[in-house]
Each structure stands twice: as structure tokens, then as C-alpha cells.
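These notes concern the structure reproduced below.
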Amino acid sequence: MFDLEMLILSFAGGMFGAAIGGLPSFVLCGLTAVIGLAVVWATGEGTFVGSIAWGPLLGPNVAFAGGVAAAAYAGKKGILKGGGRDIVSSLMGLNSPDVLLVGGVFGALGYAITTALGMLGTIGGFPWTDLVAFSIIINAVIVRLVFGSTGVFGKVREGANRWLASPEDGACWLPWQTKPAQIILISIAWGLPIAFLIRTMPELFTLGFGLAAVALIFLGTGSQFPVFHHIGIIAGMATLVTGNIWWGLAFGMLSGFLGEAYAVIFLYHGDTHIDPPAAAVCTSWTLVALFATSSLATLTGVIPVAAAVGVAVVGYFLFTALQGKKA
């Protein structure tokens with residue numbers, strides 16, 4: 001339900017996200033999510049995680065969205081050295097109050113969008129998509145249209161292959177996480193253990209998100225660090241609804257491939273940040289929710305293992321073919 005006080009608080013949270021930067025706000029969200037999950041596990045009380053990690057101060061639909069918008073605005077003004085896609089820099093250092101105000105406007109918009117999306121019903125007892133992630137995408141698309149110059153899907157340099165990250169085309173998302181084998185292996189490395197943990201402690205199904213979000217602090221330091229929170233949260237959700245770690249791996253790996261696909265679609269060739277993991281989570285969440293309502297979710301044994309192998313094989317050959325296309 002829409003709440004005017006929460007809208008005002010989200011304006012403040014958007015300014016805060018702009019002040020410290022989109023990625024730093026996301027890391028703090030992950031940290032408080034992990035602390036909050038520990039509180040849930042110990043006491044069963046979820047107020048902390050709901051009010052802090054997903055609330056108007058650090059909720060990604062508010063603070064991260066505000067940071068993304070403020071960076072795009074600062075990039076358009078020409079005052080942000082890293083350009084409109086720089087979600088790492090803390091924008092307080094620009095000493096430009098209008099940048100923070102833009103963050104506030106889009107933080108409030110993030111709350112409004114999330115609230116509206118929540119009115120659209122559920123699938124099998126789950127929200128029809130990850131409302132926070134979808135709000136981030138809608139917000140970022142609006143930001144691109146308002147402050148960007150490349151259009152929603154970016155502008156591919158003449159003669160370039162859309163599916164390849166190239167320094168000539170601007171800043172790449174994660175050039176060390178583009179090869180399909182890399183995506184498969186990081187999906188196994190993170191998704192499978194997280195699936196096991198969630199099967200053991202189902203009340204902590206967002207742990208794969210929280211820990212991975214905290215770990216992004218290393219990405220902010222310039223390390224060639226993987227991004228895998230979209231893999232963890234979906235692997236956890238799929239395991240939660242099926243009780244099977246191999247279904248968890250299959251959907252986690254699917255989310256991993258979708259993250260790279262959305263990076264190609266929205267980010268590689270654009271001049272503002274449209275978040276690939278958030279887009280992957282939106283799609284994967286809906287697919288898992290639909291899957292949970294079918295009889296397939298009860299299948300065990302070799303079938304979920306084969307599904308995970310199938311996702312890996314199809315993803316590997318599809319991405320290999322696309323990345324090898326001649327411009």
C-alpha cells in the first residue's frame with residue numbers, strides 16, 4: 001500500500017545512495033541483509049532485515065536506483081570522470097547538490113514503482129516477479145531515456161559484434177565473466193553450495209544474495225571480481241520451492257547466463273547503467289514461480305541433474321555461437 005511518509009523517506013534514501021554511490025549502497029544492503037538473516041535464524045524476527053536492508057535507507061530500489069540516476073545525471077553534466085555508467089564513485093565528492101537531489105527523485109520513484117508492481121498479484125504464493133529488481137530496471141530505463149544518448153538498447157559501434165565486450169565500445173561490464181565456461185563454473189561454484197545451504201536452512205533463502213552483495217566491495221576496489229548475487233538468490237529460491245539442490249543449480253545457472261545476455265542487451269553499448277543482474281533476477285524469479293506451480297517441481301533423481309547439464313550445454317553453445325558471429 002502506498003504511504004506518503006515512505007515516499008519522503010525514499011527521497012532521502014535516494015539522496016543517500018547518490019552521496020555514497022550506487023555500488024557502495026548495494027554492499028551495505030548486502031551487509032545488513034546478512035545481519036538481518038542471522039537475526040531471523042536466531043529469533044524468527046524479520047523487522048531488522050525488512051526495515052534496513054529492504055527499507056528506504058538501503059533498499060536497492062531506492063538507494064542503488066538513486067545512485068544510478070545521479071551518476072547518469074552527473075555524467076550528462078560532464079562532471080563525473082567515469083561517465084554516466086560509474087556506479088562505484090561516491091558522488092558527494094562532486095560537491096554538486098543537484099546531483100544528490102536527482103538521486104532523491106529517483107529513489108522516491110523507485111519506492112512508487114515497487115509499490116505499484118506489488119499490486120499486480122502473485123504466482124504460487126510468490127510475488128509475480130522480484131519487485132525490487134524489476135523496479136530497479138524500470139527506473140534505470142527511465143534514467144537512460146532522460147539522461148542518456150544511446151537509447152535503451154545502446155548503440156553498437158559500426159563493424160562491432162554486439163555480443164562481445166570490447167574496450168573500443170566503451171566500458172565493459174565484466175570482461176572476465178563473458179566466456180560461457182566462466183559463467184557455468186561460477187554458477188556451480190556459488191549456486192550449488194548456496195542451494196545446499198538453503199535446503200538445510202530454508203528460512204535463509206536470500207543468503208546467496210546477501211553474501212554476494214557484500215563481496216562486491218572487492219569489485220569496487222578494482223579487483224577483477226565476479227558478480228554472482230543473481231545466481232545465488234535464484235538458486236536459493238529454486239531450492240526453496242523444490243527441495244532439490246539440482247533444480248537450484250539449474251535455475252541459478254540460467255540466471256547467470258541471463259545476466260550476461262542482459263549485459264549485452266542493455267549495458268555494453270549504453271552510456272548509463274541498466275543493471276544486468278537485476279534484469280536476470282526479474283526473469284528468473286518469474287520462471288521459478290511458474291515452475292513451482294507445475295508438477296515438474298516435484299521431480300527428483302536424474303531429471304533435475306539433466307536439467308542443470310542441459311542449461312550448461314545450451315548456454316555454452318548458444319553464447320559461443322553468438323560471441324563468434326562476424327560483425
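The values are calculated or read from the model by the stated rules, or taken from the named source; none is laboratory data. Just so it is clear, the structure is predicted and the values come from calculations on it, not from any experiment. Virtual Cβ from ideal backbone geometry, glycine too; neighbours counted across all protein chains shown. To get the accessible areas, we keep the full protein, side chains included, count just its heavy atoms, and leave off ligands, DNA and RNA. Shrake-Rupley method; radii C 1.70, N 1.55, O 1.52, S 1.80 Å.
Of the peptides 7-15, 86-94, the order by per-residue mean of other Cβ atoms within 10 Å, starting with the highest, comes out as 7-15, 86-94. Here is the list for the stretch 63-95: trypsin sites (Lys or Arg not before Pro) lying in DSSP coil, each with at most 11 other C-beta atoms within 10 angstrom of its C-beta, are Lys81. Gyration tensor analysis over the Cα atoms of the stretch 1-120 returns equivalent ellipsoid semi-axes of 26, 16, 10 Å (largest first, whole Å).
Where a ≥ b ≥ c are the square roots of the eigenvalues of the C-alpha gyration tensor, would you call the stretch 198-259 rounded, which needs a/c under 1.5, or, failing that, prolate if a/b is larger than b/c, or oblate? Since a/c reaches 1.5 but b/c is at least a/b, the shape of the stretch 198-259 is classed as oblate. Accessible surface area normalised per residue over the stretch 15-154 is 39 Å², counting heavy atoms of protein chains with a 1.4 Å rolling probe.
Each pair of Cα atoms in the stretch 246-292 enters the Kirkwood radius, and Stokes-Einstein at 20 °C and 1.002 mPa s then converts it into a translational diffusion coefficient of 195 µm²/s. Relative contact order, whole percent, for the chain stands at 20, derived from Cα pairs under 8 Å and 6 or more residues apart.
So, by mean Cβ neighbours within 10 angstrom, what's the order for 52-58, 140-146, 250-256 with the highest one leading?
Working: 52-58: 22.4, 140-146: 19.0, 250-256: 30.6.
Ranked by mean Cβ neighbours within 10 Å, highest first: 250-256, 52-58, 140-146.
Pop out the carbon and sulfur fraction of the accessible area of the chain as a percent, whole number, probe 1.4 Å. Kindly include the intermediate steps, with their values, before the conclusion.
Details: 9710 of 13660 Å².
C and S atoms contribute 71 percent here.
Dividing the convex hull volume of the Cα atoms of the chain by its residue count, what figure in Å³ per residue is obtained? About 121 Å³ per residue, rounded to a whole number. Average projection, convex hull of the Cα set of the stretch 122-208: 8.4 square nanometres.
Glu45 exposes around 90 Å² of accessible area when a 1.4 Å probe is run over every protein chain in place.
Starting from the Cα-Cα distance between Val305 and Met92, subtract it from 0.36 nm times their residue separation and give me the gain in nm to one decimal. Please report the intermediate quantities before stating the final value.
Working: separation 213, 0.36 × 213 = 76.68 nm, distance 4.86 nm.
Going from the current span to full extension adds 71.8 nm.
Quick note on the stretch 152-280: its Rg to Rh ratio, both from C-alpha atoms and Rh being the Kirkwood radius, is 1.02.
I need the shape label for the stretch 240-327. Rule: rounded when a/c is under 1.5, else prolate if a/b > b/c, else oblate, with a, b, c from the alpha carbon gyration tensor.
On the way: a/c = 3.44, a/b = 1.64, b/c = 2.10.
Oblate shape, in that a/c is at least 1.5 and b/c is the bigger or equal ratio.
How large is the direction-averaged shadow of the alpha-carbon convex hull of the stretch 65-106, in nm²?
Values: hull surface 9.3 nm².
If I average the Cα hull's projected area over directions, I get 2.3 nm².
Give the peptides 112-118, 189-195, 176-182 in descending order of average Cβ contacts within 10 Å, highest first.
Numbers: 112-118: 18.1, 189-195: 22.7, 176-182: 16.3.
Ranked by mean Cβ neighbours within 10 Å, highest first: 189-195, 112-118, 176-182.
Close amide H partners of Ile123, meaning residues 5 or more places away or on another chain with modelled amide H under 5 Å apart, are Trp128. For the pair the stretch 277-319 / the stretch 167-226, the C-alpha centres are spaced 17 Å from each other.
In the chain, helical runs assigned H by DSSP with n ≥ 4 each contribute -39500 (n - 2.57); averaged across all residues and rounded to the nearest 500, the mean residue ellipticity at 222 nm is -20000 deg cm²/dmol.
Based only on the alpha carbon positions, what is the Kirkwood hydrodynamic radius of the stretch 194-233, in angstrom?
Details: mean 1/r = 0.0947 Å⁻¹.
Evaluated over the stretch 194-233, this radius sits at 10.6 Å.
For a straight C-alpha distance cut-off of 28 angstrom, the lysines reachable from Lys325 (same-chain residues fewer than eight places away being disregarded) are Lys155, Lys179.
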